[in-house]
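Read the structure below first, then the notes.
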Amino acid sequence: MKRTHSVLSASLALMLLGGASAAFLASHAFDEAAGSLAAARISYENLQDVEVLQPSDDPNGLVVLVSDRGGITQADRDVASELVSEGLIVIPVDLDRWRTALETDAGPDGECLYLGSDLEGIAKEALRALELDTYFHPVVVGRGEGGTLAYAAVADAPAATLAGGVALDAPPAAHTRVPVCEGATATPAGPGAYSYDRAADLPVPFTFVVAEGAETATAMTAPMRAGQSAVATADGRVAAVAKAALAIADADRTELPIVVGKPKGQPKGVVVFFSGDGGWRDLDKTIGDWLTAEGIEVIGVDSLRYFWSEKSPKQMAEDIGDMLSDAKPAPGVPIGLLGYSFGADTLPFSFDELAPEWRQRVSLIGLLAPSAQTGFQISVGGWLGMSTGDSDVIAAATGLPATRVLCVYGSDEDDSACEDAKLSAFTKLALDGGHHFDGNYDALAARLLAALRNGPTAALAAPPTPAGPPAPAPAN
């Protein structure tokens, strides 16, 4: 049920009071208009001291709402109210303040603005502040130029960062000193302004809500380009924004925290791969896609979402068993368990809890960049490189069958569990670089494939690099 709130009394009070009292009441008026008192005030990097508006019932998702030029106005409050009434957490962002902070952070030599880090980071801070057990990727909603930048942010977002976005009455261009980093091609549009190609391929859904124009359905699965909804009335457009944002949040919320890569033909191997605490992206996704192209069925577990609420080793083992049961690997097909960073930290604790049928069939346990200690829930400190718990990874790893373990670490790392003397029986592979192995993920994937096929020691000699996923076509 939608809720309406009068802000008349607060507005009248603002006319009579000044200073801190007026500031407080202005904030309170925003909260009332948005259908909820602010549940928290949070900060992350370039987004400082922003409110979090929480619906009264269990939330359906989370929205970062970016204002038009000129800061937060009644129009933004109306949008926030509609979003909250749909059960969405709302984080209102003043575009002018954010843009100033972004441009200061980029410095005089900055060539582009990356928006995704702030959007993802402030969403994580909000969800932790609200003590929710469910992780929501943020839906980015923008009004006016905030909508133009919301589109540019979505177009540039890495995998597993944002749920999607919606723009309300977005003009072709937005004012920034330098453009948003390229996802949608930016074109100068006058002094200090850039337009963005609205026909760009997108990683997640996006909808433009406009006063007039053609209706284009919003694609919710790949390949995706922006859709458009044309609504004549202002109130109707606000309602359409909330409807589109909820649809995107629903699609994100109903996805299981696993990504299954199915090869062509019968799988030549099956791997369950737990990602790092950033989610299924970068190293995890690249290696998973590469292995799938080589005939391996990869069940990628997005650790950010899976471990957002605490998991026990027993629950983790039961979930691994369910994933393997669903995959139905044929007799004789090798099975591997892989974990990167946080995934590698937690994986050793679950092995002894696996059902005997799967424990016996696993031929490779690949620990990529494990630490010495861990917890079993994603923490803000973990994203900053701090210890996430005090469970002893090395002690747990000593219980693994050493002949089936490959421990991979970066030669520049100084806290890798792989180098501990207690794990001397493991096959160990040192690669150039630090925690991310200098980004040489294809070569690492080739070694993991060799280890899956022929045992951990096969990874020590770099195998010939198979084709892997096809390279993108060169630009014209």
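Annotation: residue 146 fulfils all but one of (1) open to solvent by less than 30 Å² (accessible area, probe 1.4 Å); (2) small (Gly, Ala, Ser); (3) over 21 Å from residue 188 (Cβ atoms); the unmet one is (3). Residues in segment 283-298 that are of a type outside the set (Gly, Ala, Ser), out of contact with any Leu (no Cβ under 8 Å at 6 or more places or on another chain) and either farther than 13 Å from residue 445 by Cβ or not in a helix (DSSP H, G or I) (or both): 297 alone.
Counting only residues that are at pLDDT below 95, over 21 Å from residue 353 (Cα atoms) and open to solvent by 30 Å² or more (accessible area, probe 1.4 Å), segment 290-311 holds 1 of them. From 111, 125, which residue is of a type in the set (Asp, Glu) and either open to solvent by less than 10 Å² (accessible area, probe 1.4 Å) or within 17 Å of residue 53 (Cα to Cα) (or both)? Within the list 111, 125, the selection yields 125. Applying the criterion of being in contact (Cβ under 8 Å) with a residue 60 or more places away in the chain and not hydroxyl-bearing (Ser, Thr, Tyr) to the residues of segment 175-185, the residue that is surrounded by the most Cβ atoms within 10 Å (Cβ to Cβ) is 180. Just for strands (runs of 3 or more DSSP E) wholly inside segment 344-452: which have at least 3 residues that are farther than 23 Å from residue 267 by Cα and either in contact (Cβ under 8 Å) with a residue 12 or more places away in the chain or open to solvent by less than 10 Å² (accessible area, probe 1.4 Å) (or both)? Fully inside segment 344-452 and qualifying: 405-410, 427-431. If you go through segment 209-258 and keep only what is among the small types (Gly, Ala, Ser), within 30 Å of residue 322 (Cα to Cα) and surrounded by fewer than 16 Cβ atoms within 10 Å (Cβ to Cβ), you end up with just 222.
The values are calculated or read from the model by the stated rules, or taken from the named source; none is laboratory data. Given the structure is predicted, the values throughout are model-derived calculations rather than measurements. All Cβ positions, even for glycine, are placed from backbone atoms using ideal geometry, and neighbour counts span all protein chains on display. Accessible surface is based on the protein model in full, side chains and every heavy atom, while ligands, DNA and RNA are left aside. Shrake-Rupley method; radii C 1.70, N 1.55, O 1.52, S 1.80 Å.
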